[in-house]
Amino acid sequence: MSGTYLGMPAFPQAAHDAVNDATLRGNLRHATHTIRAKRARAVAELSDWDALREAGKQIKDHTLRHLDTYLEQLEASVTRAGGIVHWAADAEEANRIVTDLVKETGETEVVKVKSMATQEIGLNEALEAEGIRAYETDLAELIVQLGRDRPSHILVPAIHRNRGEIRDIFRREMGGWGRPAPDDLTDTPAELAEAARLHLREKFLRARVGISGANFMVAETGTLVVVESEGNGRMCLTLPETLISVVGIEKIVPTWQDLEVFLQTLPRSSTAERMNPYTSTWTGTTDSDGPRTFHLVLLDNGRTDTLADDVGRQALRCIRCSACLNVCPVYERAGGHAYGSVYPGPIGAILSPQLRGTASAIDASLPYASSLCGACYEVCPVAIDIPEVLVHLRERVVEGGKAVRAGNKVLLKPAKGHAAERAAMRAARWAFTHPAALRTGQRLASRSRRLHPRTLPGPGRAWSATRDLPAVPAEPFRDWWQRTNGGKDDTK
């Protein structure tokens, strides 16, 4: 992944700073609770939701197991329809491909839509270095760009901003990017949307190059699919003469019949709608409609490394609905910026460390950015067991071990700062494999329980500073079981 967010503090420090921002917490609480409630009502309307969820999981798992086959089929289908396919192993290669394609057109401006993958690789910065200006056209992405900010949510990138802040950003910044905001602009949603519409309309009509992502790619026909709620996608995908789509290789589905499942689950899980207001599909090029030239850049950037992990690969099922963010108690309080990635929340906590590795402090800390409550798994429309992957990645951080990086098998070293944890886990493993020693330790702990401290010493102080140590019972469970004959003779 791009280093756009690297260099940030580890999650605990970043989250500590975020929770002290009362405005941020208020914005997040209001937005996530509102989206969460609407989603629950939309999902409850479907009697077969669990079956759709399982179908989505099975489709994704099947596709990932045969990803090489379907990617080759997709390339053939896109090429046959008049498109041109490019393969990018990493962010640097993808940025170079897109930059060269834009420069070949002679243009110095591009409009963008559905661009999480391009944010992942830092495309805007790469284009700017070559004298090309990229304009975000999603309303929330526009707010983030004008505010010189970073996205903090998958579905609502400007969720950390309230209406007053957005009004101030529009007034202050719009003029430097194009049509200025009205002098008397208020924070009324309709006025903010109208200011954005007028500002963007000039760019849509002038732009000759569009850059997009995609929600799905259909292998059998080479069709790309974008679902959105504002109509800006339709403008970006049809008006420019050249369209360049940068899409992660995991976004593929084999057939249109498979796509039908996700067109039911994605809108309900993300925007709590029965269907998306705008669903745009395009297959190659035609003489009379849409762009004359279409390029598809298939992005790996750590995805095949993730695919090699039997447990972690389920993160590649993600359809970017953001349902896990809206129910996560950690995200609700810390916000998206604390995750140091374009992918925040629970899915970011398992996806970013796999795409980028765990060498940096921020990535090594992300698997711990969770209470393991399991709410994220319950709402995931493709049944990603995020808690399972979090625990798996925590083991990798602490113990190191075998992994795949850049297509090569490597042996990872344990992350720094976990020596005490490793020692404790090894001691526990030894005790649990020696029943006599475990029984003796339990009896000693019970008999000396009045002497136990209320907080742990040394490195354990960081744990007990925010938690109560569990009380040790008067006798071990095994002793109680034997004394009471499994509870049958217990007089209490």
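The values are calculated or read from the model by the stated rules, or taken from the named source; none is laboratory data. Predicted model only: the values in this text are computed from it and were never measured. Neighbour counts run over all protein chains shown; Cβ positions are idealised from the backbone, glycine included. Heavy atoms of the whole protein, side chains included, go into the accessibility calculation; ligands, DNA and RNA do not. Shrake-Rupley method; radii C 1.70, N 1.55, O 1.52, S 1.80 Å.
Yes or no, residue by residue, for (1) open to solvent by 20 Å² or more (accessible area, probe 1.4 Å); (2) at pLDDT below 95:
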position	(1), (2)
GLY302	no, no
CYS324	no, no
THR358	yes, yes
ILE362	no, yes
>> Being farther than 23 Å from ALA419 by Cα, open to solvent by less than 40 Å² (accessible area, probe 1.4 Å) and among the hydrophobic types (A, V, I, L, M, F, W, C) is the filter here; which residues of region 438-471 pass it?
In response: ALA445
>> Among the residues of region 412-424, are any loosely packed, with under 10 Cβ neighbours inside 10 Å and at pLDDT below 85?
In response: yes
> Within the bounds of region 161-182, is there any residue that is open to solvent by 50 Å² or more (accessible area, probe 1.4 Å), in contact (Cβ under 8 Å) with a residue 40 or more places away in the chain and among the polar types (S, T, N, Q)?
Replying inline: yes
> If we only count helices (runs of 4 or more DSSP H) wholly inside region 258-368, which ones have 2 or more residues that are under 13 Å from the mean Cα position of the chain (by Cα) and under 30 Å from ALA14 (Cα atoms)?
Replying inline: 323-327, 345-356
> Does GLU120 fit the bill of being closer than 16 Å to GLY213 by Cβ, assigned to a helix (DSSP H, G or I), within 23 Å of the chain's Cα centre (by Cα) and of a type in the set (D, E, K, R)?
Replying inline: yes
> Within the bounds of region 44-56, is there any residue that is assigned to a helix (DSSP H, G or I), within 14 Å of ALA334 (Cβ to Cβ) and either open to solvent by less than 80 Å² (accessible area, probe 1.4 Å) or of a type in the set (A, V, I, L, M, F, W, C) (or both)?
Replying inline: no
> Which of the following residues is of a type in the set (D, E, K, R), in contact with a strand residue (DSSP E or B) (Cβ under 8 Å, 6 or more places away or on another chain) and closer than 30 Å to ILE347 by Cβ: ARG467, ARG422, ARG396?
Replying inline: ARG396
> Among the residues of region 226-250, how many are of a type outside the set (Gly, Ala, Ser), free of Cβ contacts under 8 Å to residues at least 60 places away in the same chain and over 30 Å from GLY106 (Cβ atoms)?
Replying inline: 1
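Taking the conditions exactly as written (at pLDDT 95 or above, in a helix (DSSP H, G or I) and buried (at least 24 other Cβ atoms within 10 Å of the Cβ)), does VAL389 satisfy them or not?
Criteria met by VAL389.
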> Exactly one of (1) touching a residue at least 60 places away in the same chain (Cβ under 8 Å); (2) surrounded by 14 or more Cβ atoms within 10 Å (Cβ to Cβ) is unmet by GLU141. Its number?
Replying inline: (1)
